[in-house]
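Written below as structure tokens is the structure these notes are about.
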Amino acid sequence: MPLRRKEKVICLFCLLKLPKTGFKYQTENPIEQLFRGRVSIEGANSFMYFTKSGLAQRLMHDIKYGGNQALGIQLGKFFGEALLEDPGFIKPDVLIAVPLHPTKLKKRGYNQSELIALGLSERLGIAYRTDILVRARHTDTQTRKKRYERWENMKDGFMVTGDASLRGKRLAIVDDVVTTGATLEACSEILIEELSVAVGLLTLCVAIR
């Protein structure tokens, strides 16, 4: 909807209709259950439910393809505020966004997950680092792939640049939408293996079918 006077980035109607997950009221939320037995994580959370043609999808489309970077940062801030109200939230030492391959980054001009991480960083008062995790190779789009195909596509897809100062720290990986979890699983595995860190997951949206 068009913004009215005094409305910034997102209209009041959309703000009130955000499909929030409310995971802070659950002892073990669906995101944590998704990764159980796959990779050892220290908590996971998502801010909104993502459904086909739903409000979250429209907002994400505006961020990724509409050039609305301010919206990505603002939603990250909203997510951060929700996390601060969650008594079970384990505050990480560092935030790391899922990186884009340089080719895709050059084409889009920005990484939507970085925008979310920037908003989270501001609200949570946590450092955000872009020099820890990089794409090791270009991967095909995950959109129409099944779960195993997504896992195969992301296998060995990331590389840690190396930073001994992070050993033993708590890191939170930030992404826009989690569907099967293949991307976040690959990121978590390499960070844990290379840096011996505790990893948590923060995604703006979780896809439901």
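The values are calculated or read from the model by the stated rules, or taken from the named source; none is laboratory data. All of these numbers come straight from a predicted model, not from anything done at the bench. All Cβ positions, glycine included, derive from the backbone under ideal geometry; neighbour counts span all protein chains shown. What goes into the accessible areas is simple: the full protein's heavy atoms, side chains included, and nothing from ligands, DNA or RNA. Shrake-Rupley method; radii C 1.70, N 1.55, O 1.52, S 1.80 Å.
Here is a check on your reading of the model: is Leu115 assigned to a helix (DSSP H, G or I), at pLDDT 95 or above and in contact with a Gly (Cβ under 6 Å, 6 or more places away or on another chain)? Judged against the criteria, Leu115 is a match. Give the stretch 101-123 a look and list any residue that's closer than 16 Å to Asp175 by Cβ, touching a helix residue (DSSP H, G or I) at 6+ places or on another chain (Cβ under 7 Å) and touching a residue at least 24 places away in the same chain (Cβ under 8 Å), or say none. Tyr110, Gln112, Leu115, Ile116, Ala117, Leu118, Gly119, Leu120 - these are the residues of the stretch 101-123 that are closer than 16 Å to Asp175 by Cβ, touching a helix residue (DSSP H, G or I) at 6+ places or on another chain (Cβ under 7 Å) and touching a residue at least 24 places away in the same chain (Cβ under 8 Å). Against the conditions (1) modelled with pLDDT of 85 or more; (2) over 18 Å from the mean Cα position of the chain (by Cα); (3) polar (S, T, N, Q), Asn153 satisfies every one except (1). Taking the criterion of being surrounded by fewer than 17 Cβ atoms within 10 Å (Cβ to Cβ), in a loop (DSSP other than H, G, I, E, B) and hydrophobic (A, V, I, L, M, F, W, C), the only residue of the stretch 155-209 that qualifies is Ile208. Kindly establish whether Gly54 is open to solvent by less than 40 Å² (accessible area, probe 1.4 Å) and farther than 13 Å from Leu204 by Cβ. Taking the combined requirement at face value, the residue satisfies it. Looking across the stretch 129-150 at every residue that is modelled with pLDDT under 85 and hydroxyl-bearing (Ser, Thr, Tyr), the one that is farthest from the chain's Cα centre (by Cα) is identified as Tyr148. Taking the numbered list (1) of a type in the set (Val, Ile, Thr); (2) under 15 Å from Val134 (Cβ atoms); (3) over 9 Å from the mean Cα position of the chain (by Cα) in turn, Ile173 passes all entries but (3). The number of residues in the stretch 70-100 being open to solvent by 40 Å² or more (accessible area, probe 1.4 Å), under 26 Å from Met159 (Cα atoms) and not charged (D, E, K, R) comes to 2.
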